[in-house]
Amino acid sequence: MSIVIAIDGPAGTGKSTVAREVARRLGLEYLDTGATYRVGALYCLREGVDLKNGDDVTAMVATMNVEMRLDPNNPHVILDGEDVTSLLHTDTISLVVSSVATNLDARAVLRDVQRRLIDASRHRAGVVAEGRDITSVVAPDAEVRVLLTASEEVRLARRTGDGADPATVRESVLGRDQKDSTVVQFHTAADGVVEIDTTDLTLDEVVGAVLALAKEARV
């Protein structure tokens with residue numbers, strides 16, 4: 001029996017780490033839907049598109065040649081035949097990705113891409129998909145829907161690595177959340193979505209909670 005697990009929430013709550021580990025343990029595919037917006041931003045930058053021009057951005061993301069490889073042990077994003085995975089979480093992309101994510105027309109195009117990937121995974125074992133509107137918009141029919149939350153202090157700490165500029169981290173985390181919240185709700189659990197506050201939980205505890213929900217859904 002295939003299963004779709006949707007994990008939502010703001011930046012720094014552990015969505016990616018939890019989703020990949022859950023996918024590994026259950027033998028499922030892993031989809032980082034945020035990567036579709038990031039690769040869209042990268043493509044626009046490479047092609048010299050003004051990110052303030054909504055129509056041009058939409059046209060670019062609708063025609064880009066991108067492949068998402070959903071192996072949780074080695075996820076990749078391929079753009080025009082080039083592996084660009086390592087470029088998607090640079091400060092350059094993190095600070096401009098909201099220009100794509102808050103463009104409603106571009107967002108609609110990329111949501112369709114995400115839905116097609118999820119539907120294809122349903123014909124295999126299933127997928128753990130994570131993002132900012134997965135539980136309410138992209139995959140509202142997922143067997144398991146979870147919203148991860150955490151305190152602002154903890155979210156910033158999780159994103160501040162060695163040598164990271166605190167101001168840049170704050171803007172890429174809180175600034176992006178503020179911008180994205182104008183077009184999508186990811187701070188409050190929708191009906192039927194289980195909220196898990198990860199502030200004081202270990203990774204294993206959060207993963208265990210999601211696995212328990214998956215086991216219950218399969219039963």
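The values are calculated or read from the model by the stated rules, or taken from the named source; none is laboratory data. The structure presented is a predicted model; accordingly, all values stated were derived computationally and were not measured. Methodologically, a virtual Cβ is constructed for each residue, glycine included, from the backbone with ideal geometry; neighbour enumeration extends over all protein chains shown. In case anyone asks, the SASA skips ligands and DNA or RNA and just uses the protein heavy atoms, side chains included. Shrake-Rupley method; radii C 1.70, N 1.55, O 1.52, S 1.80 Å.
Scanning the stretch 122-137 for residues that are in a helix (DSSP H, G or I) and either open to solvent by less than 10 Å² (accessible area, probe 1.4 Å) or in contact with a helix residue (DSSP H, G or I) (Cβ under 6 Å, 6 or more places away or on another chain) (or both) gives ILE134, THR135. None of ASP80, ASP119 is loosely packed, with under 14 Cβ neighbours inside 10 Å, without any contact (Cβ under 8 Å) to a residue 40 or more places away in the chain and at negative phi except ASP119. Scanning the stretch 3-42 for residues being open to solvent by 30 Å² or more (accessible area, probe 1.4 Å) and not charged (D, E, K, R) gives a total of 4.
When the stretch 77-116 is limited to residues that are over 18 Å from VAL137 (Cβ atoms) and in contact with an Asp or Glu (Cβ under 7 Å, 6 or more places away or on another chain), the one that is modelled with the lowest pLDDT turns out to be LEU95.
Look at (1) modelled with pLDDT under 95; (2) of a type outside the set (Phe, Trp, Tyr); (3) out of contact with any Leu (no Cβ under 9 Å at 6 or more places or on another chain) and you find that ASP8 fails only one, number (3).
Residues to consider are THR92, THR63, THR102; find the one that is β-branched (Val, Ile, Thr), free of Cβ contacts under 8 Å to residues at least 24 places away in the same chain and out of contact with any strand residue (DSSP E or B) (no Cβ under 9 Å at 6 or more places or on another chain). It would help to see each step written out before you state the result.
On the way: THR92 fails: free of Cβ contacts under 8 Å to residues at least 24 places away in the same chain; THR102 fails: free of Cβ contacts under 8 Å to residues at least 24 places away in the same chain.
Result: THR63 is the single residue among THR92, THR63, THR102 that is β-branched (Val, Ile, Thr), free of Cβ contacts under 8 Å to residues at least 24 places away in the same chain and out of contact with any strand residue (DSSP E or B) (no Cβ under 9 Å at 6 or more places or on another chain).
Just checking, how many residues over the stretch 6-47 are within 17 Å of ASP204 (Cβ to Cβ) and assigned to a strand (DSSP E or B)? Before you say what the answer is, go through the steps one by one.
Kept after step one, since they are within 17 Å of ASP204 (Cβ to Cβ), are these residues of the stretch 6-47: 7, 13-26.
From what's left, assigned to a strand (DSSP E or B): 7.
Here the count works out to 1.
Screening SER98 with (1) buried (at least 21 other Cβ atoms within 10 Å of the Cβ); (2) under 13 Å from LEU42 (Cβ atoms) gives one miss only, at (2).
When you scan the stretch 63-76, do you find a residue that is part of a helix (DSSP H, G or I) and either loosely packed, with under 15 Cβ neighbours inside 10 Å or at negative phi (or both), even just one?
Applying the first criterion (part of a helix (DSSP H, G or I)) to the stretch 63-76 yields 63.
Remaining after also requiring either loosely packed, with under 15 Cβ neighbours inside 10 Å or at negative phi (or both): 63.
Within the stretch 63-76, one or more residues are part of a helix (DSSP H, G or I) and either loosely packed, with under 15 Cβ neighbours inside 10 Å or at negative phi (or both).
Among ALA164, ALA209, ALA150, which is the only one that is closer than 28 Å to LEU95 by Cβ, at pLDDT 85 or above, small (Gly, Ala, Ser) and surrounded by 12 or more Cβ atoms within 10 Å (Cβ to Cβ)? Give the steps one after another, and end with the answer.
Values: ALA164 fails: at pLDDT 85 or above; ALA209 fails: closer than 28 Å to LEU95 by Cβ.
Testing whether each residue is closer than 28 Å to LEU95 by Cβ, at pLDDT 85 or above, small (Gly, Ala, Ser) and surrounded by 12 or more Cβ atoms within 10 Å (Cβ to Cβ) leaves just ALA150.
Would the stretch 169-184 turn up any residue that is at pLDDT 90 or above, over 16 Å from the mean Cα position of the chain (by Cα) and either buried (at least 19 other Cβ atoms within 10 Å of the Cβ) or closer than 27 Å to SER99 by Cβ (or both)? Looking through the stretch 169-184, none of the residues is at pLDDT 90 or above, over 16 Å from the mean Cα position of the chain (by Cα) and either buried (at least 19 other Cβ atoms within 10 Å of the Cβ) or closer than 27 Å to SER99 by Cβ (or both).
Taking every residue in the stretch 7-24 that is within 18 Å of HIS76 (Cβ to Cβ) and pairing it with any residue that is among the hydrophobic types (A, V, I, L, M, F, W, C) and crowded, with 24+ Cβ neighbours inside 10 Å, at least 6 positions away or on another chain, the pairs with Cβ-Cβ distances below 7 Å are ALA19/ILE7; ALA19/VAL128; ALA23/VAL128.
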